[in-house]
Structures are given as C-alpha cells and as structure tokens.
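Take a look at the structure below.
The values are calculated or read from the model by the stated rules, or taken from the named source; none is laboratory data. All of these numbers come straight from a predicted model, not from anything done at the bench. Here the Cβ positions follow ideal geometry from the backbone for every residue, glycine too, while neighbour counts run over all protein chains shown. Side chains are part of the model used for accessible areas, which takes the heavy atoms of the whole protein and leaves out ligands, DNA and RNA. Shrake-Rupley method; radii C 1.70, N 1.55, O 1.52, S 1.80 Å.
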Amino acid sequence: MSARLALLMNSPYVRRLGVRFDHHGDELTGVLPYVDTLVGNPLIPALHGGAIGAFMEITAAAGLLAASDLAALPKPIDVSVDYLRPVRPADVYARAAITRQGSRVSNVRVEAWQERRASPVAALHGHFLVKPVGEQR
Amino acid sequence: MTDALQSRLDQLAPLLVSGSPHAADLGFVLDAVRPGEAVVRAPYRDDLIGDPDTGVMHGGVVTALLDHAAGTAAFAGLGGDKALATLDLRIDYMRPAEPGRAVIAEAHTVKVSGLIAFVSAIAHDGDHNDPVATAHAAFMVSRVSQEAADRVRADIEAGRAGPFTRTPGPGEKGSPR
C-alpha cells in the first residue's frame, strides 16, 4: 500500500465506515462490510444512498492513488451517482476505472455491486483534482 | 391540504432522521421540514474528518447529508406518505467545509411530475451565499418501497407496530435483519 493510500485509509471517516481494499495485481476492489448503521431506510430495508455514494467516492480516490504517485489526496470536484437497484443489507463491492488521467483533473468511473458483478447497484462518475508528485503549479 | 400536510410532517419529523440508522449514526439533525422542503444539519465531529492534516469533514459526509436532505424534501414534496427511491444524485463540491463548523443542507423540491420529484439542495457552513456544495437529485415513488410502506401503515392501523418496526414481507424470513 502506498503511503498516500494509507493516509486515505487512516482518515477517521473512512475507518469508521469500515471500508477496505482487496488488491489483485494492479486491480483494487473496495469492500464496504455490512453493518446495521449503514441502513438508510429500515422499511425496505435498503442501505443509505449517501453511504453508497461516499463508499464509491472513496473507491475513486483509492483508484487514483493506486494508479499514480500523487502528492496529496485527490479532491472531488463533482460526482454524479446513479442508483440502479435497491442496495440490500449485505456487503457492497466497488471498482474504479480511470477514464482520463490528467495532470490536474482526472475523470473516474466507479461501479458498485453486491451478489453479481453484472448487476451493479450503483454507478458513479466524477472529476477529481489531482496533484502528481513533482508537477509544478 | 397544505395545513394537513404540514401537520403530518410535524408528526413524522422526529422520525425523518432518527428513523434512518445511517443518518442517526452520523449525528444528523432535522432543523426544519415543510411541504417540499427540508433542512438537515451535520454537527462537526472528529470521527467524520476526512483529512487528519486539515481537520476538514470528509466529502462523503456531505454526500450523505445532501442525499438525506434532498430525500426528505422529496418525501415532503410528494405528500409525506410515499416511500421513495433515489434515481440519481449529482454533487458539485465548491470548497472544503470549515473545520469545527456544522454543515447545513437546505433542500427544496423544484418540481413534482407524476411519480418523480426533482430536488435542488445546497450545503453551507453558516453562510447560505457561500456554499460548500450544491446538489441536484431525482427521486421516484418505488414499487418495492411503497409495498414496504403499505405494510407498515397496515401494521400501524391494526395496532401491531409503530413506524420503523416492520413485519416481514412475502417471501422474507421471520425476523427483520
């Protein structure tokens, strides 16, 4: 794990959410382990859309940190989240794909799923401000 | 109608945040709910910090806050008696929230069209004109949510349970998860 990814993982909020990452070669899969406090609507029951959005933002940032050497944590500029299916009370997984890696701004897509990778529960795309190591601004 | 809706919202108000385990866990507070509008606050807490070097609250907390405020505004815009699903949520992050300050999300329903509510929201840390983030979201009355809500209403009317305690739906195991 890079020092920056460690910094992301050490953020009190990320620790509190319980997010972890499984590394398979250069692929990074985010895991949001299910706990009762992630439920947004107990009637359905479904996980909170905000928790899913936050988890995908963290996965996007981790994907950017894994892909290049950054001097600071990526900062979200904008994100757009599509909620595709009710997110059941169970673990959620997510993987980020960098659409465009720029010297200042990167465009990232994230898909989140539960039982089946082919049936995503949510999708995010967004722009993040990045600061590659050694870049002059 | 508006008065009836406002009194229904006033009655439900204590549940609109505390009835959502995730919103309650993050310490959200409902400041106001009116037909089509909601104000929800996230008091500053050390365990919600994103970057320990700066003490700035994590963007994910702002995401969850805006989602919750927008969803509550949509609920209040669609008559206060329908269960909703979020279709999409778009957030623009304008600046970091000031460390130590609560973040306040103000959401209003721009338009209700059939089963869809379009909602606009801003998050700020004291000055409404200097937003931390803005958001747009669309919500829809969903079949699965509505069936769950109908079961609960039937339970309440039959005196079997209160809001946010539920009996299992068809095909579900006995105990709520």
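Once each part is reduced to its C-alpha centroid, what is the distance from the stretch B:42-76 to the stretch A:41-61 in angstrom? Here the two parts' Cα centres lie 12 Å apart. Per-residue ellipticity at 222 nm from helix content only, as computed over the protein assembly as shown with -39500 (n - 2.57) for each DSSP H run of at least four residues, stands at -9000 deg cm²/dmol.
Based on alpha carbons, the Rg and Dmax found for the stretch A:17-75 are 13.6, 44 Å. When the charge dipole of the protein assembly as shown is built from unit charges on Cβ atoms (+1 for Lys and Arg, -1 for Asp and Glu) and taken about the Cα centre, the candidate among B:GLY55, B:GLY80, B:ALA32 whose Cα reaches farthest toward its positive end is B:GLY80.
Counting only Cβ charges, +1 for Lys and Arg and -1 for Asp and Glu, the dipole size of chain A around its Cα centre is about 220 debye.
Across chain A, the convex hull enclosing all Cα atoms gives 100 Å³ per residue.
The longest part of chain A holding none of the exposed loop GluC sites (Glu not before Pro), meaning those outside H, G, I, E and B in DSSP with at most 16 other Cβ atoms within 10 Å, is A:1-114. Per-residue shielding of A:78-87, expressed as the average number of other chain Cβ atoms within 10 Å of the residue Cβ, stands at 6.
Per residue, chain A exposes 44 Å² of accessible surface when a 1.4 Å probe is rolled over the protein heavy atoms with every protein chain present.
Simple point charges give the picture: +1 on the Cβ of Lys and Arg, -1 on the Cβ of Asp and Glu, and for the protein assembly as shown a dipole about the Cα centre of about 560 debye. Computed from backbone phi, the HN-Hα couplings of the stretch B:51-62 come to 10, x, 5, 10, x, 6, 4, 5, x, x, 5, 5 Hz, rounded to whole numbers (Karplus: 6.51 cos²θ - 1.76 cosθ + 1.60, θ = phi - 60°; Gly and Pro given as x).
Across all Cα pairs in the protein assembly as shown, the calculated P(r) in 20 Å bins from zero up to the longest distance comes to 34, 56, 9, 0 percent per bin.
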